[in-house]
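K.L.:
Encoded as structure tokens, here's the structure I'll be asking about.
The values are calculated or read from the model by the stated rules, or taken from the named source; none is laboratory data. Just so we're clear, the structure is a prediction, and the values are computed from it rather than from any experiment. Glycine gets a Cβ as well: all are built from the backbone with ideal geometry, and neighbour counts include every protein chain shown. Side chains are part of the model used for accessible areas, which takes the heavy atoms of the whole protein and leaves out ligands, DNA and RNA. Shrake-Rupley method; radii C 1.70, N 1.55, O 1.52, S 1.80 Å.
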Amino acid sequence: MGILDGKRILVTGMLMESSIAFHTARVAQEEGAELVLTSFGRTMRITQTIAKRLPTPPPVIELDASNAADFEALADRVREHVDGLDGVMHSIGFAPESALGGNFLNTEWADVATALQVSAYSLKALAVGAQPLMPSGGSVVGLTFDASVAWPKYDWMGVAKAAFESTARYLARDLGPRNVRVNLVAAGPLLSTAAKSIPGFDELKDVWSSRAPLTWEVTDFEPAARACVALLSDWFPRTTGEIVHVDGGVHAMGA
């Protein structure tokens with residue numbers, strides 16, 4: 001018997017096998033969950049192909065994080081496959097190339113706005129869109145990268161992650177009375193598809209290789225995935241507004 005037996009879980013942003021979203025989906029199924037995935041546009045076919053590598057290929061519905069109409073249609077699209085949700089995983093993030101790589105002072109507002117909308121505001125849109133599916137409550141879990149400091153070349157994505165973390169706290173406040181928990185997992189750097197597009201990733205990797213007391217493997221997605229699954233389960237019934245660090249301990253080591 002798994003900790004997600006009988007749970008219906010929506011996982012967003014699963015594009016490649018080298019992602020926390022994929023491994024969370026895999027562990028969730030191993031723990032008994034029934035899944036629905038999201039994708040959009042030209043990436044839909046990629047997600048459908050990668051979904052076949054899960055223990056049981058789940059359905060994939062359309063959800064573009066920059067399209068308000070998709071969030072409004074979310075509940076109806078999910079109901080085509082399951083009659084409700086017990087948990088939602090937010091694994092969505094994007095910043096235009098000009099918003100990364102040491103170009104912080106020169107990035108135009110339009111590109112900053114895109115990063116904030118897709119990477120931060122989408123958490124609120126997803127949580128609200130899922131509400132009709134969670135009348136008895138549930139769990140919303142998102143992925144972040146420690147936004148308490150300014151990382152080299154992370155630039156406006158770092159600002160977006162700070163906004164994302166703040167959004168999670170306000171959602172925890174406003175959704176708590178509906179018995180919905182909102183928590184984040186802050187993983188250390190992992191060699192995911194998203195990481196490959198971040199300038200300066202090797203610099204981040206070097207920080208963890210020298211400072212993580214538990215050591216850190218950039219190819220091991222399992223610890224972060226297990227944390228997400230635990231938060232999606234009933235094992236944290238009174239935990240909300242929290243950031244669980246799965247980073248080998250680097251966040252606690254100081255300067």
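K.L.:
Could you please give the count of residues in segment 107-124 that are loosely packed, with under 15 Cβ neighbours inside 10 Å and either under 29 Å from Arg181 (Cα atoms) or of a type outside the set (Gly, Ala, Ser) (or both)?
P.N.:
Looking only at segment 107-124, we keep the residues that are loosely packed, with under 15 Cβ neighbours inside 10 Å, and these are 108-110, 113.
Among the residues that remain, those that are also either under 29 Å from Arg181 (Cα atoms) or of a type outside the set (Gly, Ala, Ser) (or both) are: 108-109, 113.
Count: 3.
K.L.:
Then there is this: Does Ala127 satisfy the criteria of being open to solvent by less than 20 Å² (accessible area, probe 1.4 Å), in a helix (DSSP H, G or I) and in contact (Cβ under 8 Å) with a residue 60 or more places away in the chain? Break it down stepwise before answering.
P.N.:
Working: open to solvent by less than 20 Å² (accessible area, probe 1.4 Å): yes; in a helix (DSSP H, G or I): yes; in contact (Cβ under 8 Å) with a residue 60 or more places away in the chain: no.
No: the conditions fail for Ala127.
K.L.:
Something else now. Could you run through segment 88-106 and say how many residues are surrounded by fewer than 19 Cβ atoms within 10 Å (Cβ to Cβ) and either among the small types (Gly, Ala, Ser) or more than 18 Å from Val11 (Cα to Cα) (or both)?
P.N.:
Going through segment 88-106, the residues surrounded by fewer than 19 Cβ atoms within 10 Å (Cβ to Cβ) turn out to be 94, 96-98, 101-106.
Add one more test, that the residue is either among the small types (Gly, Ala, Ser) or more than 18 Å from Val11 (Cα to Cα) (or both), and what stays is 96-98, 101-106.
Matching residues across segment 88-106 total 9.
K.L.:
From the residues in segment 35-87 that are of a type in the set (S, T, N, Q) and either open to solvent by less than 70 Å² (accessible area, probe 1.4 Å) or part of a helix (DSSP H, G or I) (or both), which one is farthest from Ile20 (Cα to Cα)? Lay out the reasoning, then the answer.
P.N.:
So the first thing to find is which residues in segment 35-87 are of a type in the set (S, T, N, Q), and the list is 38-39, 43, 47-49, 56, 66-67.
From the residues that got through so far, the ones that are either open to solvent by less than 70 Å² (accessible area, probe 1.4 Å) or part of a helix (DSSP H, G or I) (or both) too are 38-39, 43, 47-49, 66-67.
Details: Thr38: 14, Ser39: 15, Thr43: 17, Thr47: 14, Gln48: 17, Thr49: 17, Ser66: 21, Asn67: 23 Å.
Residue satisfying both the conditions and the ranking: Asn67.
K.L.:
Every residue in segment 56-78 that is closer than 18 Å to Ser119 by Cα and in contact with an Asp or Glu (Cβ under 8 Å, 6 or more places away or on another chain), please.
P.N.:
Matches in segment 56-78: Glu62, Leu63, Asp64, Asp70.
K.L.:
Answer yes or no as to whether Tyr170 is at pLDDT below 95, among the hydroxyl-bearing types (Ser, Thr, Tyr) and within 30 Å of Gly248 (Cβ to Cβ).
P.N.:
Details: at pLDDT below 95: no; among the hydroxyl-bearing types (Ser, Thr, Tyr): yes; within 30 Å of Gly248 (Cβ to Cβ): yes.
Criteria not met by Tyr170.
K.L.:
Residue pairs, Cβ under 8 Å, 6 or more apart or interchain, first in segment 94-111 and closer than 27 Å to Thr43 by Cα and outside any helix (DSSP H, G or I), second charged (D, E, K, R) and open to solvent by 70 Å² or more (accessible area, probe 1.4 Å). List them.
P.N.:
Leu100/Lys153; Gly101/Lys153
K.L.:
If you take the residues of segment 180-217 that are surrounded by fewer than 17 Cβ atoms within 10 Å (Cβ to Cβ), assigned to a loop (DSSP other than H, G, I, E, B) and modelled with pLDDT of 85 or more, which of them is nearest to the chain's Cα centre (by Cα)?
P.N.:
In this case the residue turns out to be Leu191.
K.L.:
Looking at segment 225-234 only, could you name the residues that are out of contact with any Leu (no Cβ under 7 Å at 6 or more places or on another chain) and surrounded by 15 or more Cβ atoms within 10 Å (Cβ to Cβ)? Show your work before the answer.
P.N.:
So the first thing to find is which residues in segment 225-234 are out of contact with any Leu (no Cβ under 7 Å at 6 or more places or on another chain), and the list is 225-228, 230-231, 234.
Matches in segment 225-234: Ala225, Arg226, Ala227, Cys228, Ala230, Leu231.
K.L.:
Here are some conditions: (1) open to solvent by 40 Å² or more (accessible area, probe 1.4 Å); (2) outside any helix (DSSP H, G or I); (3) farther than 18 Å from Gly142 by Cβ. Thr240 meets all but one. Which one does it not meet?
P.N.:
The failed condition is (3).
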